[in-house]
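Please treat every number below as a calculation from the coordinates, not as lab data. None of the values given here were measured: they were computed from a predicted structure. Reconstructed Cβ throughout: ideal geometry from the backbone, glycine too, with neighbour counts over all protein chains shown.
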Amino acid sequence: MSVDALTATYRLPCPEGGTSRVRLSSFREIERLPGPSHPALYRIVYRCSCGGDHVALVGHDELDWSPLGLDGGVTYVNLMTSRYDDLSVELTELASQRIGRGEWPWSFFCYLEDVPRPVTPSAFRVLEQSVETVAVAVGCPACGSTTINLVSRLHVDVPFHSDANVGVVAHVFEEAELSSPDALRAELGAADVDARRLVLHG
């Protein structure tokens, strides 16, 4: 597996056609596997461009940090110097500046705590994509509860793009309640959704 930080896509294996470029919003399930924590390993179920759902194993760094472009090896032509420069230097500086200002690459609203929280994709549990929104069941890193947020695809797919307002299902879930996209859809069918302002910085 590899990640293209410029297009925000993961390159994952497809049994039908070799590989597929997949955005984070096309992931269906993210499950941390038991075992070592450095690096942690995640089982991903994703909706492939061939139309099927496939399984892949992804390391923690690839899942959470590679989309930010912090890894070396990708170059660009610097028009000021006519040399090839490492893109990760630029992207690391941009990410550091934004995080230093209190922004975070991904965020969600915790219903139990009634506050926005910074997260990484490994906190996502189950995702369900509709025409206009993505429902994301997210495990809160602070309190451990699970909340469903309704956000735009850009909110999930593009680091540092946060919707100003998100839909929040007015219920706290146990992780076992949302073990699959089918369970998530069932909860959404009967859910009360509140609009919350998602501001993580001043």
Checklist outcome for this item: Residues in the range 126-178 that are assigned to a strand (DSSP E or B) and either farther than 18 Å from residue 191 by Cβ or not charged (D, E, K, R) (or both) total 21
Checklist entry - Any residue in the range 177-188 that is in contact (Cβ under 8 Å) with a residue 60 or more places away in the chain, in contact with a Lys or Arg (Cβ under 6 Å, 6 or more places away or on another chain), under 17 Å from residue 23 (Cβ atoms) and buried (at least 18 other Cβ atoms within 10 Å of the Cβ)? => result yes
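In the range 17-55, which residue that is more than 25 Å from residue 131 (Cα to Cα) and of a type in the set (Gly, Ala, Ser) is nearest to the chain's Cα centre (by Cα)?
Looking only at the range 17-55, we keep the residues that are more than 25 Å from residue 131 (Cα to Cα), and these are 17-18, 32-43.
If we keep only those that are of a type in the set (Gly, Ala, Ser) as well, we get 17-18, 35, 37, 40.
On the way: 17: 25, 18: 24, 35: 22, 37: 19, 40: 16 Å.
Applying the filter and picking the extreme gives 40.
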Checklist entry - Of (1) surrounded by 14 or more Cβ atoms within 10 Å (Cβ to Cβ); (2) in contact with a strand residue (DSSP E or B) (Cβ under 8 Å, 6 or more places away or on another chain), residue 161 satisfies all except one. Which? => result (2)
Checklist outcome for this item: Selection over the range 11-34 where residues are closer than 21 Å to residue 126 by Cβ and surrounded by fewer than 17 Cβ atoms within 10 Å (Cβ to Cβ) yields a count of 4
